[in-house]
Amino acid sequence: MPTDLRRDRRVTPFMQSVYDLVSTIPEGKVSTYGAVAQALRSSARAVGQALRGNPFAPVVPCHRVVASTLELGGFSGTWGDTPEVSKKRTMLVAEGVSMTSPTRISPQSLHTFGAANPKSAAAVRKRPGRPADAKDRPTKKRRRDGGR
């Protein structure tokens, strides 16, 4: 991703990691919100929220992320039979993504993140200021009695 896009102050480090990873999905392929979340050790909802506010579309191709059922899923914060989802379908078909129905992606179009891709999730997770295993560390539990 061009460095001038990284200077946008509205982008959190988590959002940037989502945008970096989604930018590795090649044209003609899609991934799922869950797969992006798993690669980043996050949640599908958090990924969806980051992509919903993607200020860099279509440079960061958020339209290449679909629901785990391979349904088109949300686009621009909408679901169902909406002009936004229709636009997502049009963009994906133009890029060569195969469809099994007007709203469902063919499994052959599914991209997986892995070691074969040098900009894979492992490389994206190793961002400055946050160890890759940060989510694996135990957190300090807050006492219910307020520490008394």
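The values are calculated or read from the model by the stated rules, or taken from the named source; none is laboratory data. No experiment lies behind these values; they were computed from the predicted model shown. All Cβ positions, glycine included, derive from the backbone under ideal geometry; neighbour counts span all protein chains shown. Surface areas here come from the heavy atoms of the whole protein model, side chains and all, with no ligands, DNA or RNA. Shrake-Rupley method; radii C 1.70, N 1.55, O 1.52, S 1.80 Å.
How about region 26-109: which GluC sites (Glu not before Pro) there lie in a loop by DSSP and see at most 16 other Cβ atoms within 10 Å? When the GluC sites (Glu not before Pro) of region 26-109 are filtered for loop state and at most 16 Cβ neighbours within 10 Å, E27, E95 remain.
Once backbone amide H atoms are built at 1.01 Å from N, V30 has L110, H111 as its partners under 5 Å, excluding neighbours fewer than 5 places away on the same chain. Coupling constants for region 94-104 follow from the phi torsions by the Karplus curve (6.51 cos²θ - 1.76 cosθ + 1.60, θ = phi - 60°), and in residue order they are 5, 7, x, 6, 7, 10, 9, 7, x, 10, 10 Hz; glycine and proline get x. Shown for region 13-109: the carbon plus sulfur share of the solvent-accessible area, taken with all protein chains present and a 1.4 angstrom probe, equals 54%. Per residue, region 13-109 exposes an accessible area of 46 Å² to a 1.4 Å probe, with every protein chain left in place.
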